[in-house]
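Please treat every number below as a calculation from the coordinates, not as lab data. Please read these numbers as outputs of a predicted model, since none were measured by experiment. Don't worry about glycine lacking a Cβ; one is built from the backbone with ideal geometry, like all the others, and counts go over all protein chains shown.
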Amino acid sequence: MTAVTQRLITAIDTADSSRARALVEATAPHSGLIKLGLEFFLARGPEAVAFLNEKPLFLDLKLHDIPNTVAGAVRSLAPLGVKMLTIHAAGGAAMIQAARQAAEEADAKRPKILAVTVLTSLDARALHDTGVAGGTTQQVLRLARLALAAGADGLVCAAHEISPLRDAFGQAPILVVPGIRPAGAALGDQARVMTPRAAIDAGADYIVVGRPITAAEDPGEAARDIAASIL
């Protein structure tokens, strides 16, 4: 398990490189990793990621394509030196294997490959509307089994799936948990949420917090308070 003081991942969701830099500087002292997602990457590109890479970075692009394309994308991203990189478990075993093999080529710079199971914005009804029956937990377990067997280092899951995943797969997989909201915080577009302390107690290796930190009047203080809550 990750050292408790390093378990907070702050999500920097902005297209503004100056704003991103300011948020990184304010929150990095209280965060184990800084997460950059599609909004930042598509606006600013790999060079901007490299510019921020003096801090440990988690690149959350949720790659999902045919195996050859995803492998090529991982090869292109690996030189950036990010610590973790996301792919969609729903891409299938061959795609996950291809991503892991491409990551291995980076040797010492190899990013950990994390498979996204079911987005935290989806509940059972929304998942059913996509044609998946059986509820979110069963789908998460199904995709987790496939992803881990294919070589993923860990999983991205909602907090309520932590316990079923630990029961099924033990302590080895890295579990990164978004959809984290301090008590009283607005849910926004998240459907399956939990407080920071509850998620850590359930067995999360890392929790991901975005807007409750980055939209706060003092993002550094907000990150510090959340980090302190999980000590």
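A few points about this structure:
- The chain: most fluctuating residue of Ala43, Ala98, Ala158 per GNM, C-alpha cutoff 10 Å: Ala43
- Selected from Leu146, Ser17, Pro46, residue furthest toward positive end of dipole (the range 4-229; charges at beta carbon): Leu146
- Within the chain, the longest segment free of exposed loop sites, counting GluC sites (Glu not before Pro) that fall outside DSSP classes H, G, I, E and B and have at most 15 other Cβ atoms within 10 Å, spans 106-216.
- Placing +1 on the Cβ of every Lys and Arg and -1 on the Cβ of every Asp and Glu, with nothing else charged, gives the range 14-139 a dipole about its Cα centre of roughly 180 debye.
- Between Arg145 and Leu42, the simple label model (points 7 Å from Cα in the Cβ direction) yields a spacing of 3.4 nm.
- Between Phe51 and Ala228, the simple spin-label model (points 7 angstrom out along Cα→Cβ) gives 3.3 nm.
- Zone of Asp167's modelled label, taken as backbone nitrogen in the range 125-139 under 12 Å from a point 7 Å along Cα→Cβ: 137-138
- Once the Cβ-Cβ distance of Gln101 and Ala215 is raised to the sixth power relative to R0 = 30 Å, the FRET efficiency obtained is 0.15.
- Taking the empirical scaling 2.2 N^0.38 Å for compact globular proteins as reference, the range 4-229 has a Cα radius of gyration ratio of 0.96.
- Summing +1 for each Lys or Arg and -1 for each Asp or Glu among the other residues whose beta-carbon sits under 15 angstrom from that of Ala147 gives +3.
- Under a model in which nothing but the beta-carbon of Lys, Arg (+1) and Asp, Glu (-1) is charged, the chain shows a dipole of about 340 debye around its Cα centre.
- Each Lys or Arg adds one and each Asp or Glu takes one away; over the other residues whose Cβ falls under 10 Å from the Cβ of Ala102, this sums to +1.
- Top positive-direction residue, dipole computed over the range 4-229 with Cβ charges, set Val116, Leu61, Leu80: Val116
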